[in-house]
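To start, the structure itself, in structure tokens.
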Amino acid sequence: MSELQRTAEELDAADPLAAVRGKFVLDDVTYLDGNSLGALPAHVPARVADVVRRQWGELRIRSWEESGWWTAPERIGDRIAPLVGAAAGQVVVGDSTSVNVFKALVAAVRMAQEGGEGGGSGPVRDEILVDATTFPTDGYIAESAARMTGCALRPVAPAEVPGALGDRTAAVLLNHVDYRSGRLHDLPALTAAAHAAGAYTVWDLCHSAGALPVGLDEHGVDLAVGCTYKYLNGGPGSPAYLYVRRDLQPRFDSPLPGWNSHAEPFGMRPAYAPASGAVRGRVGTPDILSLLALDAALDVWDEDGVSVAAVRAKSLALTDFFLRCVGAYVPDGRVESVTPAAHAERGSQVALRCEGAGEVMKRLIERGVVGDYRAPDVLRFGFTPLYVGFADVERAARVLARTLAG
């Protein structure tokens with residue numbers, strides 16, 4: 001046994017989150033792709049079976065009331081809220097991340113253009129800043145939102161946002177963690193800079209929620225969206241969520257008003273009147289099966305008293321150890337980390353630039369180490385602290401070195 005293998009054993013033995021691993025369905029594969037799709041919590045299948053067989057099969061339409069289906073988007077939103085640093089009543093679950101980005105960004109521009117915090121007597125707010133390195137869909141949505149609201153769209157690197165802000169900026173759409181590199185952007189500072197310029201912020205939390213502290217309320221974030229199938233382990237295609245800061249809720253003007261967000265959803269009135277609170281973020285009938293699978297998955301956090309702080313501490317320890325193992329096992333020059341070394345700038349993944357990365361990842365998967373690949377040359381390894389251990393990390397680096405050696 002090597003020194004690093006012994007170290008991994010010692011770290012796993014001392015890991016306060018080690019017992020949580022047993023709550024998931026895992027096998028001999030070293031699974032480092034939870035930043036794409038989280039593993040299955042072991043109790044979810046039985047809960048979903050109850051939803052299908054009893055709630056749907058026996059109670060049928062009665063389940064909208066008796067099983068709490070109707071209020072599930074807000075109730076589950078309140079369960080996600082503490083994981084992103086928000087008080088209850090500000091998060092609603094439903095639709096996809098893309099749809100929620102559209103709702104949030106258009107609503108942000110409308111608030112800026114109508115006056116108040118982001119408007120006033122100055123120039124018309126007719127510009128949207130978007131993270132130039134964003135996940136493609138966010139860019140597509142931002143371009144469409146700009147056309148819809150009569151705004152110009154300016155892609156800028158997150159570090160350049162403070163210098164790009166001006167009195168015409170309506171909204172800024174940013175990713176908390178860069179999906180390619182794993183770089184963690186400075187949410188507090190960038191939010192403060194946007195507010196100082198009179199603009200609104202929309203944060204995409206897909207690669208941070210459930211892996212590190214976010215602090216939406218603490219840092220005064222206006223609007224935020226995120227998926228639930230990565231570090232929250234809600235399952236493939238599980239519904240996303242939308243955060244609307246409490247004091248902005250009366251002004252939140254969704255571009256997708258639906259009967260589920262109406263003040264009287266069963267009034268069937270021809271004129272739209274928005275409901276109060278986070279319910280304004282709803283649109284149509286919620287996807288109950290996926291929504292309740294997510295609800296069950298969130299039990300992992302509650303039943304074991306898992307804190308985001310403990311998850312973050314382990315995340316940094318895992319990524320530090322992975323980089324140490326890669327440095328020890330992989331010959332110089334074969335890979336280069338594009339993930340920042342500084343903890344304050346690192347999410348919960350490590351991205352390695354590697355020649356022939358696509359083929360390398362294919363061979364890694366064949367050898368039981370599952371990460372993923374992003375064109376043209378990046379290997380991504382995601383570390384979900386709830387179920388990834390230090391022995392997984394050591395093995396992944398060792399298999400990577402063997403794979404690169406041919």
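For this structure, a couple of remarks:
- Added length on full extension, which subtracts the Cα-Cα distance from 0.36 nm per residue, Asp304 to Ala375: 21.8 nm
- Length gained on full extension, Arg147 to Ser98: 16.0 nm, using 0.36 nm per residue less the C-alpha separation.
- Per-residue 3J(HN,Hα) values for the stretch 6-15, derived from phi via the Karplus relation 6.51 cos²θ - 1.76 cosθ + 1.60 with θ = phi - 60°, read 5, 4, 4, 4, 5, 5, 5, 5, 9, 6 Hz in sequence order (x marks Gly and Pro).
- Protection-proxy order for peptides 92-98, 11-17, each taking the mean of Cβ atoms within 10 Å per residue, highest first: 92-98, 11-17
- Relative contact order (%) - criterion: Cα under 8 Å, at least six apart; region: the chain: 23
- Taken about its Cα centre, the stretch 1-131 carries a charge dipole of roughly 660 debye when the Cβ of each Lys and Arg holds +1 and the Cβ of each Asp and Glu holds -1.
- Net lengthening on full extension, Arg324/Arg251 (0.36 nm per residue, minus Cα-Cα): 21.4 nm
- Positive dipole terminus of the chain, leading residue within Ser337, Ile61, Ala104 (C-beta point charges): Ile61
- Descending by average beta-carbon neighbour count within 10 Å, the peptides 277-286, 205-214, 392-401, 27-36 line up as 205-214, 392-401, 277-286, 27-36, the highest first.
- Dipole of the chain, positive direction: furthest Cα of Val279, Thr30, Val350, with charges on the beta-carbon: Val279
- Here, P(r) means the percent of Cα pairs in each 10 Å bin from 0 to the largest distance; for the stretch 103-249 it is 12, 45, 35, 8, 0.
- Relative contact order of the stretch 230-350, taken over Cα pairs closer than 8 Å and 6 or more residues apart, is 24 percent.
- Value of [θ]222 nm, deg cm²/dmol, for the chain, DSSP H segments ≥ 4, -39500 (n - 2.57) each, nearest 500: -10500 deg cm²/dmol
- With both residues required to sit in the chain, DSSP beta bridges show an antiparallel share near 50%.
- Positive-end extreme of charge dipole, the stretch 139-276 - chosen from Ala164, Asn175, Pro213 (charges on Cβ): Asn175
- Taking amide H positions as modeled 1.01 Å from N, with prolines and chain starts lacking one, the residues under 5 Å from Phe24 and 5 or more places away or on another chain are Ala42.
- Reach of Lys314 by Cα under 28 Å, taken over lysines that are not fewer than 8 positions away in the same chain: Lys23, Lys230, Lys362
- Lys, Arg +1 and Asp, Glu -1 on Cβ, resulting dipole of the chain about Cα centre, debye, nearest 20: 560
- Simple spin-label estimate for Ile365 and Asp27 in nanometres, 7 Å along Cα-Cβ: 1.4
- Spin-label model, Thr71 to Glu9: label points 7 Å out along the Cα-to-beta-carbon direction sit 5.2 nm apart.
- Basic side chains Lys and Arg get +1 at the Cβ, acidic Asp and Glu get -1 at the Cβ, and with that the dipole of the stretch 289-401 about its Cα centre reaches some 440 debye.
- Counting only the Cα atoms, the chain fills a convex hull of 138 Å³ per residue.
- Coupling constants for the stretch 188-205 follow from the phi torsions by the Karplus curve (6.51 cos²θ - 1.76 cosθ + 1.60, θ = phi - 60°), and in residue order they are x, 5, 5, 5, 4, 5, 4, 5, 4, 8, x, 9, 9, 10, 10, 9, 9, 9 Hz; glycine and proline get x.
- Ser337 long-range amide H proximity, modeled H, under 5 Å: Arg353
A short reminder: the numbers here are calculations on the coordinates, not readings from a lab. Fair warning: this is a prediction, and the values are worked out from it, not measured in the lab. Methodologically, a virtual Cβ is constructed for each residue, glycine included, from the backbone with ideal geometry; neighbour enumeration extends over all protein chains shown.
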